[in-house]
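The values are calculated or read from the model by the stated rules, or taken from the named source; none is laboratory data. Keep in mind that what you see is a predicted model, and the values were worked out from it rather than measured. Protein only, heavy atoms only, side chains kept; ligands, DNA and RNA dropped before computing areas. Shrake-Rupley method; radii C 1.70, N 1.55, O 1.52, S 1.80 Å.
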Amino acid sequence: MTRLDDPAALARLDPHDARRVLAEFPAQCRRACTLQSDPPLRAARPRVVVVAGMGGSAAGGDLLAVYVAETVDVPIIVHRGYGLPALAGPHAVVIASSYSGDTAEVLSAFDVAVARNVPVVAVTAGGALAERATAARRPRVALPAGLMPRMALGYLFFPALPLLAGCGVEVAPADEIDEALAALDALARDLVPERPAADNDAKRLALSIGDRLPAIYGGPATGLIAYRWKTDIEENAKTFALAGALPEMNHNEIEAWRSTGAKDMHVVLLRDRGEAPEIARRFRVLHDVVGPSAGGVSEAWGRGQGRLSRLLTLTYLGQWTSYYLAILRERDPWSVPLLDEMKRRMRTPAAP
Ligand code: PA5
């Protein structure tokens with residue numbers, strides 16, 4: 001029996017019960033759909049939406065950007081860093097997204113938005129961002145606390161939909177949301193620890209990757225999801241992972257597969273039923289070209305008809321895969337000590 005099917009091993013290696021949080025992700029998404037900003041965001045239809053966030057709190061912005069890319073005529077920019085880009089002016093809407101509310105870069109983005117008088121809303125469970133939103137009389141979406149930010153993706157994504165609809169940017173039809181939530185419910189049942197490896201796609205993927213370095217490649221719709229898989233693997237399993245997107249990686253990174261280290265790597269191709277025929281062909285050719293050099297190749301697909309369902313379920317599969325990789329590598333999937341140490345040191349005043 002694999003360790004992934006052993007409840008005692010999971011309890012020992014996952015003392016914070018991240019598996020319960022992941023299993024409850026569909027319920028989190030449902031609850032997230034009910035969250036509103038207080039007071040409501042009052043803004044004209046923006047020319048651009050800027051989501052300011054880092055790490056797990058930027059991932060909701062990525063999901064939003066890729067989800068709307070083919071249907072919404074307002075660009076959604078995800079800003080990872082201090083301050084705000086020049087395009088965040090009076091005709092923009094800024095979503096300052098920080099689960100903890102204490103991320104320095106997002107606080108700085110919020111301050112710049114207030115200073116520039118750009119419509120801004122804070123999406124946070126608390127911290128300094130909540131305090132600053134109250135002090136500056138700016139709207140806030142209050143998120144339920146107690147999760148690791150990367151495991152709060154539902155809270156960091158869904159509240160943006162009514163926020164944008166409120167300023168004239170309709171993003172997600174209700175039936176697409178319903179379909180995505182139902183697909184997540186079904187997928188949760190298929191990926192939870194109680195479902196044995198023989199019948200559990202996330203466990204099987206983690207076992208296929210094993211000790212190899214995962215290289216996750218997506219297409220135009222799933223490239224950002226590949227990046228999310230990479231960061232989930234890095235934070236949960238504490239191991240390096242690569243991410244890239246077709247067609248761009250066909251023009252550079254593909255050459256690296258000639259290196260001797262390729263046998264120690266495992267390719268995961270993130271496919272999408274909506275991908276164009278030329279992208280499907282590129283995936284097939286990539287498989288043929290790098291497959292013989294790689295340690296192994298797997299494919300993963302999202303579920304459902306609508307784009308939201310496909311993207312969300314593929315992201316959820318990545319969350320569980322990274323979780324099971326953490327268990328295989330005997331890492332606590334919850335805690336992130338180096339990340340915390342970095343934040344702690346950056347909070348102490350710099351030496352003169
Ligand atoms: O998932 C994580 O813990 C990190 O990637 C955080 O999201 C990141 O450090 C930013 O913190 P926060 O999401 O609280 O703004």
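Rounding to the nearest 10 and keeping the result within 0 to 90°, find how far the Cα-based axis of helix 104-116 lies from the longest principal axis of the chain.
With rounding to tens, the tilt is 30 degrees.
Which residues' amide hydrogens lie under 5 Å from the amide hydrogen of Val94, considering only partners 5 or more residues apart or on another chain, with H built in the peptide plane?
Val50, Val120, Val121
Amide H of Leu213 versus every other amide H placed in the peptide plane: which residues, excluding those fewer than 5 positions away on the same chain, fall under 5 Å?
Distant-sequence amide H within range of Leu213: Met265, His266.
Taking a cut-off of 23 Å between Cα atoms, list the lysines near Lys343, but don't count ones fewer than 8 places away on the same chain.
Lys230, Lys238
Tell me, what ³J(HN,Hα) does each residue in segment 93-102 have, in order and in whole Hz, if you take phi through Karplus 6.51 cos²θ - 1.76 cosθ + 1.60 with θ = phi - 60° and put x for Gly and Pro?
10, 10, 10, 8, 10, 8, 4, 6, x, 10
If DNA, RNA and ligands are ignored and the probe is 1.4 Å, what is the ranking of Met342, Met265, Met1, Met54 by accessible area, most exposed first?
On the way: Met342 120, Met265 35, Met1 180, Met54 55 Å².
Highest to lowest solvent-accessible surface, that is Met1, Met342, Met54, Met265.
Pop out the ³J(HN,Hα) list for segment 335-340 in order, Karplus 6.51 cos²θ - 1.76 cosθ + 1.60 with θ = phi - 60°, rounded to Hz; leave Gly and Pro as x.
With coefficients 6.51, -1.76 and 1.60, one gets 7, 9, x, 6, 4, 5 Hz.
On alpha-carbon atoms, Rg over Rh for segment 197-352 using Kirkwood Rh?
1.02
Relative to the present Cα-Cα distance, how much length would full extension add between Arg45 and Met1 at 0.36 nm per residue of separation?
Contour length minus Cα-Cα distance gives 10.2 nm.
Carbon and sulfur: what percent of segment 1-85's accessible surface (1.4 Å probe)?
Values: 2120 of 4040 Å².
Percent of accessible area from carbon and sulfur atoms in segment 1-85: 52.
Under a 1.4 angstrom probe, counting protein chains only, how are Trp334, Trp257 ranked by accessible area, largest first?
Correct descending sequence by accessible area is Trp334, Trp257.
Pick from Ala128, Ala276, Ala243: which residue has the top mean-square fluctuation in a GNM of the chain where Cα pairs under 10 Å get a spring?
The residue that fluctuates most here is Ala276.
Keeping the other protein chains in place, figure out the carbon and sulfur percent of the accessible area of segment 245-338, with a 1.4 Å probe.
Numbers: 2180 of 4170 Å².
Carbon with sulfur: 52 percent of the solvent-accessible area.
Given only helices, namely DSSP H runs of n ≥ 4 each adding -39500 (n - 2.57), what is the per-residue ellipticity at 222 nm of the chain, to the nearest 500 deg cm²/dmol?
-13000 deg cm²/dmol
Please arrange Ile254, Ile233 by accessible surface area, largest first, computed with a 1.4 Å probe and ligands excluded.
The ordering from most to least exposed comes out as Ile254, Ile233.
Whole Å is fine, so just give me how far the alpha carbon centre of segment 251-316 lies from that of segment 72-100.
Using only Cα atoms, the two centres lie 30 Å from each other.
Helix 223-232 versus the longest principal axis of the chain: what is the Cα-based angle in degrees, 0 to 90, to the nearest 10?
80 degrees
Roll a 1.4 Å probe over the protein chains and send me the accessible area per residue for the chain in Å².
It amounts to 44 Å² per residue over the chain.
First check a/c for segment 100-201, with a ≥ b ≥ c the square roots of the eigenvalues of its C-alpha gyration tensor; if it is under 1.5, answer rounded, and if not, answer prolate when a/b is larger than b/c or oblate otherwise.
Cα axes put segment 100-201 in the oblate bin.
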